[in-house]
1. Checking the conditions here, which among L84, L80, L56 is crowded, with 16+ Cβ neighbours inside 10 Å and over 25 Å from the mean Cα position of the chain (by Cα)?
2. Mind checking which residues of the range 45-97 are closer than 25 Å to R5 by Cβ, free of Cβ contacts under 8 Å to residues at least 40 places away in the same chain, touching a helix residue (DSSP H, G or I) at 6+ places or on another chain (Cβ under 9 Å) and hydrophobic (A, V, I, L, M, F, W, C)?
3. From R7, R74, R11, which residue is closer than 30 Å to A139 by Cβ, charged (D, E, K, R) and at pLDDT 95 or above?
4. Consider S9 against the criteria (1) assigned to a loop (DSSP other than H, G, I, E, B); (2) surrounded by 14 or more Cβ atoms within 10 Å (Cβ to Cβ): it satisfies all of them except one. Which criterion is unmet?
5. Got a sec? Which of I99, I106, I49 is under 29 Å from N37 (Cα atoms) and within 20 Å of the chain's Cα centre (by Cα)?
6. Go through the range 111-130 and give me each residue that's surrounded by fewer than 13 Cβ atoms within 10 Å (Cβ to Cβ) and not in a loop (DSSP other than H, G, I, E, B).
7. Does the range 29-39 contain at least one residue that is within 22 Å of the chain's Cα centre (by Cα), crowded, with 16+ Cβ neighbours inside 10 Å and of a type in the set (A, V, I, L, M)?
8. Check L80 against each of (1) touching a Gly at 6+ places or on another chain (Cβ under 6 Å); (2) closer than 30 Å to N37 by Cβ and name the one condition it does not meet.
Amino acid sequence: MSKIRVRISFRDYKDAELEQKAQHIVQSLTGNAAFPNPTPALADVQTAISKYAAALANAIDGSKQDTAIKKQSRDDLEGLLHDLALYVQLTGKDDAAVILSSGFDIAKTPTPVGVLPKPDGFSVNPSASKGSVDLYVNAINGAKSYQYEYTDAPVTPTGVWHVITDTATAITVNNLQSGKEYAFRVAGIGSDPTRVYSDVVTSFVL
């Protein structure tokens, strides 16, 4: 059975939404018998919420300094909520109903992506430097990185594919022989070891 995890990140919340969520958490934990000794103290969290609310108001049509103060007050509030979430995680003991009663959300359980799909949008273009080409592929959902490969053209069963692994969807391959034709392909790298390659693209190198 997978462990229930409390959502501890609040970066996705818009400014006003964060204030509302934080206030809901404080209200939910106040007098909640399942969480008798919140750490940090709810009074400290409430103080941070009040400061953040004031900073939000001042930042509307305010100065750069007001915006900086709002950012700092948000960071302070998020830090307290993060620590409070850890307390709820420990005290909630994997009981979803109890954890949800705190006002916090439960993080989604990651699921294996499986075999990644065949890459699309793969292209090979001359680079600004002699003996180089630029490779590009559309981002693949679930890919942690990309396995770019090239070999002499035309492709043969005994040809050796040279491998370049990179997290970027656009790379430059250097040190190729000018005037020579190469074959290129790419595959996404995910949790599954299976590699599904793009169509092979051939190109002469300038």
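1. Values: L84 fails: over 25 Å from the mean Cα position of the chain (by Cα); L80 fails: over 25 Å from the mean Cα position of the chain (by Cα).
Just one listed residue meets the conditions, L56.
2. Answer for the range 45-97, where residues must be closer than 25 Å to R5 by Cβ, free of Cβ contacts under 8 Å to residues at least 40 places away in the same chain, touching a helix residue (DSSP H, G or I) at 6+ places or on another chain (Cβ under 9 Å) and hydrophobic (A, V, I, L, M, F, W, C): V45, A48, I49.
3. R74
4. Failed condition: (2).
5. Details: I99 fails: within 20 Å of the chain's Cα centre (by Cα); I49 fails: within 20 Å of the chain's Cα centre (by Cα).
That would be I106, the only listed residue that is under 29 Å from N37 (Cα atoms) and within 20 Å of the chain's Cα centre (by Cα).
6. N125
7. Residues of the range 29-39 within 22 Å of the chain's Cα centre (by Cα): none.
No, the range 29-39 contains no residue that is within 22 Å of the chain's Cα centre (by Cα), crowded, with 16+ Cβ neighbours inside 10 Å and of a type in the set (A, V, I, L, M).
8. Just one mismatch for L80, condition (1).
The values are calculated or read from the model by the stated rules, or taken from the named source; none is laboratory data. Since the model is a prediction, treat every value here as computed from it, not as a measurement. Glycine gets a Cβ as well: all are built from the backbone with ideal geometry, and neighbour counts include every protein chain shown.
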